[in-house]
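J.: Mind looking over this structure? Questions follow.
The values are calculated or read from the model by the stated rules, or taken from the named source; none is laboratory data. Quick caveat, the model's predicted, so the values are computed rather than measured. We place every Cβ from the backbone using ideal geometry, glycine too, and count neighbours over all the protein chains shown. Side chains are part of the model used for accessible areas, which takes the heavy atoms of the whole protein and leaves out ligands, DNA and RNA. Shrake-Rupley method; radii C 1.70, N 1.55, O 1.52, S 1.80 Å.
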Amino acid sequence: MAESPVLVRLENAKKSFGDTPVLKDISLEVAQGEVLAIIGPSGGGKSTLLRCCTLLETLDAGSLSYGDIEVARDNGAGRSVYGGKDVLGRARQRFGLVFQNFNLFPHYTVIRNITDAPISVQKRPKDEVMAQARELLVKMGLEDREDAVPGELSGGQQQRVAIARALCLNPDVLFFDEPTSALDPELTQGVLKVIRSLADEHMTMVIVTHEMSFARDVADRVVFMDGGVIVEEGPAQRVIDDPREERTRAFLQGMG
Ligand code: ADP
Ligand code: MG
């Protein structure tokens, strides 16, 4: 079987805040259809990594590309040089991002939260976008809530709206930053179920999570990050059931 194409390629990424290095030479590739879980202790740089991949932060050094779109290249002297506005705009079409705290527009209805960007930013026909949004709401188990505003929904429902909103932009890859860590355990399950169904449909996803059994069962590959470096990575079940590095082992024991 042919290898799946690489959708995201990050090479030798470095990022500091002030004098504090937060990403120390990180390289990561995400192949089409792959589900990658990123685990590790708080402060290890997971969110910064996701924010650099989704252009919310800029790299100091290293390169980032989405397929054939070169977002940032290393100038050879240890600095990242970013592409122009058009390049960044095209790259932004390739990915979606789901945050821990949903980040829905509180005054927009559910359906408007989902359809606003596809209509006003992507300039797609309204009928087509509405039809897609309603299909996504069915998938999220929220078909009867399209006229609600976020404040009328549970946290789990809001997160499912945020996932539908990201999907309605037709990204190639979806990034999640601790999508369930603001939720009570009973609401967590509904969100994990939705992500699991996306994995079954071979949606390419990068998921920062503290849900170890979910990562083990749903991810293809797990990356363990600590102190701004990738300490260990490999097939999900191997890393979680049989970690090779002492730091990974200690972290997983603390989670269990
Ligand atoms: P994680 O998501 O793994 O918990 P983060 O990427 O949020 O880790 O943070 C890694 C380190 O970077 C932490 O020490 C954090 O305090 C620091 N950090 C993150 N964002 C900023 C920022 N905008 N300014 C300064 N320091 C930051
Ligand atoms: Mg974080």
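J.: For the stretch 75-95, what are the residues that are assigned to a strand (DSSP E or B) and either at pLDDT below 95 or within 16 Å of ligand 2 (Cβ to nearest atom) (or both)?
T.: Selection gives nothing.
J.: Considering only residues that are open to solvent by less than 40 Å² (accessible area, probe 1.4 Å) and among the aliphatic types (A, V, I, L, M), look in the stretch 228-256 and name the one that is farthest from Ser213 (Cα to Cα).
T.: Val231
J.: Might you let me know whether the stretch 50-59 holds any residue that is away from ligand 2 (no atom under 16 Å from the Cβ), on the phi < 0 side of the Ramachandran plot and open to solvent by 20 Å² or more (accessible area, probe 1.4 Å)?
T.: yes
J.: Shifting gears a bit: Residue under question is Ser16, and the condition is that it be more than 17 Å from the chain's Cα centre (by Cα), farther than 27 Å from Gln237 by Cβ and within 16 Å of ligand 1 (Cβ to nearest atom); does it hold?
T.: yes
J.: Determine, yes or no, whether Val98 is open to solvent by less than 50 Å² (accessible area, probe 1.4 Å), modelled with pLDDT of 95 or more, touching a strand residue (DSSP E or B) at 6+ places or on another chain (Cβ under 7 Å) and within 16 Å of ligand 1 (Cβ to nearest atom).
T.: yes
Residues checked against (1) polar (S, T, N, Q); (2) under 18 Å from the mean Cα position of the chain (by Cα):
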residue: Gly151; (1), (2): no, no
residue: Gln157; (1), (2): yes, no
residue: Ala166; (1), (2): no, yes
residue: Asn170; (1), (2): yes, yes
residue: Thr180; (1), (2): yes, yes
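J.: Out of the residues in the stretch 53-74 that are acidic (Asp, Glu) and part of a strand (DSSP E or B), which is nearest to the chain's Cα centre (by Cα)?
T.: The selected residue is Glu70.
J.: Suppose we filter Lys139, Lys123 for residues that are under 25 Å from Glu186 (Cα atoms) and open to solvent by 40 Å² or more (accessible area, probe 1.4 Å); which single one remains?
T.: Lys139
J.: Pairs under 7 Å by beta carbon, first residue under 19 Å from Leu97 (Cα atoms) in the stretch 176-194, partner outside any helix (DSSP H, G or I) and more than 16 Å from ligand 2 (Cβ to nearest atom), six or more apart or different chains?
T.: Phe176/Met205; Val194/Met140
J.: Looking at Lys46, Lys24, which is the one that is more than 16 Å from ligand 2 (Cβ to nearest atom) and either touching a strand residue (DSSP E or B) at 6+ places or on another chain (Cβ under 7 Å) or open to solvent by less than 40 Å² (accessible area, probe 1.4 Å) (or both)?
T.: Lys24
J.: Now a separate question. Which of the numbered conditions does Ser197 fail, given that it passes all the others? Conditions: (1) surrounded by 21 or more Cβ atoms within 10 Å (Cβ to Cβ); (2) away from ligand 2 (no atom under 16 Å from the Cβ); (3) hydroxyl-bearing (Ser, Thr, Tyr).
T.: For Ser197, the failing item is (1).
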